[in-house]
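So the structure is just underneath, and the comments pick up after that.
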Amino acid sequence: MKLYNTNLSNFATKSRIVLYDKGLHIEIVSPPGGDLKSAEYLKINPLGKIPALDTDGMIVAESEVINEYLEDKFPEKPLLPSSPEDRAVVRTFTRFHDLYLEPPLRALFGQMNPKTRDEKLANEKLADLNGRLDYLEKMLSDKGFAAGPEFTLADCALAPTIFFAVNLMPAFGAKPAFEGRPKLHAWWNHVQTRPSVKKALGEQQEALAAMSKRS
């Protein structure tokens, strides 16, 4: 198996967390051609998105599909609970992340430069993001990890995106991500004690620092 990856991508990072947590020896490689839109990579994943998993010639795209595939393929160290009800809770988190929490944050990536920033758009997306973080605060368990006492795919999804929220929001003069959100703050401190999360976020931090030096 081979995971096409860039360390800065929060979606790729959530799949790397799964690999690390399950102790899977899967090759992690950059997109061929050095770009998501290169002809070589578009032959692999026509959507030009990261990550993508090559499993014996079959390409699995979309991070959450990859993560659930890995859970099905390698169930020995489970990242989904056993009961249908508890699984639904975890999947509610991952769905909320992909559809509601991550999009307004992603919209801010193109507004980082104050000289070219669309202030109206940036303020709208910040308001959306803060609303989503408030909703997440209500969703989070107070038992350690996102969905309860056990580490799950919910934590894998949330950690790399909250990393970006923590690092990017101050650049827009926004209040810190944890202000008025004690459960989110407690979860953030706790989830980073997981070795797989610590390793993956460290790689994401290095990639962000390298990008900042280039810009």
message: Contact list please: Cβ distance under 8 Å, first residue in segment 30-41 and in the same structural domain as N7 (by TED's automatic domain parsing) and surrounded by 13 or more Cβ atoms within 10 Å (Cβ to Cβ), second residue among the acidic types (D, E) and not in a loop (DSSP other than H, G, I, E, B), pairs at least six apart or on different chains.
response: P31/E40; P32/E40; G33/E40
Elements of type helices (runs of 4 or more DSSP H) in segment 108-207, at least 2 residues being more than 30 Å from D86 (Cβ to Cβ): 119-139, 153-168
- request: Consider I50 carefully, then state whether it is part of a loop (DSSP other than H, G, I, E, B) and of a type in the set (V, I, T).
  value: yes
query: Pairs under 7 Å by beta carbon, first residue under 13 Å from M169 (Cα atoms) in segment 115-126, partner part of a loop (DSSP other than H, G, I, E, B), six or more apart or different chains?
result: A122/Q111; L126/A174
message: Which condition from (1) under 16 Å from the mean Cα position of the chain (by Cα); (2) buried (at least 17 other Cβ atoms within 10 Å of the Cβ) is the one that E71 breaks?
response: (1)
- prompt: Cβ-Cβ below 6 Å, separation at least six or inter-chain, first residue in segment 166-186 and buried (at least 19 other Cβ atoms within 10 Å of the Cβ), second assigned to a loop (DSSP other than H, G, I, E, B): which pairs?
  reply: M169/A177; L184/F178
- request: Kindly list the number of the only condition in (1) outside any loop (DSSP other than H, G, I, E, B); (2) in contact with a helix residue (DSSP H, G or I) (Cβ under 6 Å, 6 or more places away or on another chain); (3) surrounded by fewer than 16 Cβ atoms within 10 Å (Cβ to Cβ); (4) not aromatic (F, W, Y) that fails for V90.
  value: (3)
statement: When V89 is run through (1) in contact (Cβ under 8 Å) with a residue 40 or more places away in the chain; (2) outside the structural domain of L140 (by TED's automatic domain parsing), the failure sits at (2)
- prompt: Of (1) assigned to a loop (DSSP other than H, G, I, E, B); (2) surrounded by 13 or more Cβ atoms within 10 Å (Cβ to Cβ), A12 satisfies all except one. Which?
  reply: (1)
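Going by the structure shown, is F163 at pLDDT below 95 and either farther than 15 Å from F93 by Cβ or in the same structural domain as N10 (by TED's automatic domain parsing) (or both)?
The answer is no for F163.
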query: What number goes with the only condition from (1) part of a helix (DSSP H, G or I); (2) without any contact (Cβ under 8 Å) to a residue 60 or more places away in the chain; (3) of a type in the set (A, V, I, L, M, F, W, C) that V60 does not pass?
result: (1)
task: Quickly run through segment 105-130 and pick out the residues that are farther than 21 Å from S15 by Cα and crowded, with 19+ Cβ neighbours inside 10 Å.
output: L108, Q111, A122, K125, L126, L129, N130
- request: Scan segment 15-29 residue by residue and report those that are surrounded by fewer than 17 Cβ atoms within 10 Å (Cβ to Cβ) and of a type in the set (D, E, K, R).
  value: E27
message: Within segment 76-84, does at least one residue satisfy the condition of being under 24 Å from L168 (Cβ atoms) and in contact with a helix residue (DSSP H, G or I) (Cβ under 8 Å, 6 or more places away or on another chain)?
response: no
- request: Tell me which residues, restricted to segment 93-104, are farther than 15 Å from F164 by Cβ and surrounded by 20 or more Cβ atoms within 10 Å (Cβ to Cβ).
  value: F93, T94
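The values are calculated or read from the model by the stated rules, or taken from the named source; none is laboratory data. Fair warning: this is a prediction, and the values are worked out from it, not measured in the lab. Methodologically, a virtual Cβ is constructed for each residue, glycine included, from the backbone with ideal geometry; neighbour enumeration extends over all protein chains shown.
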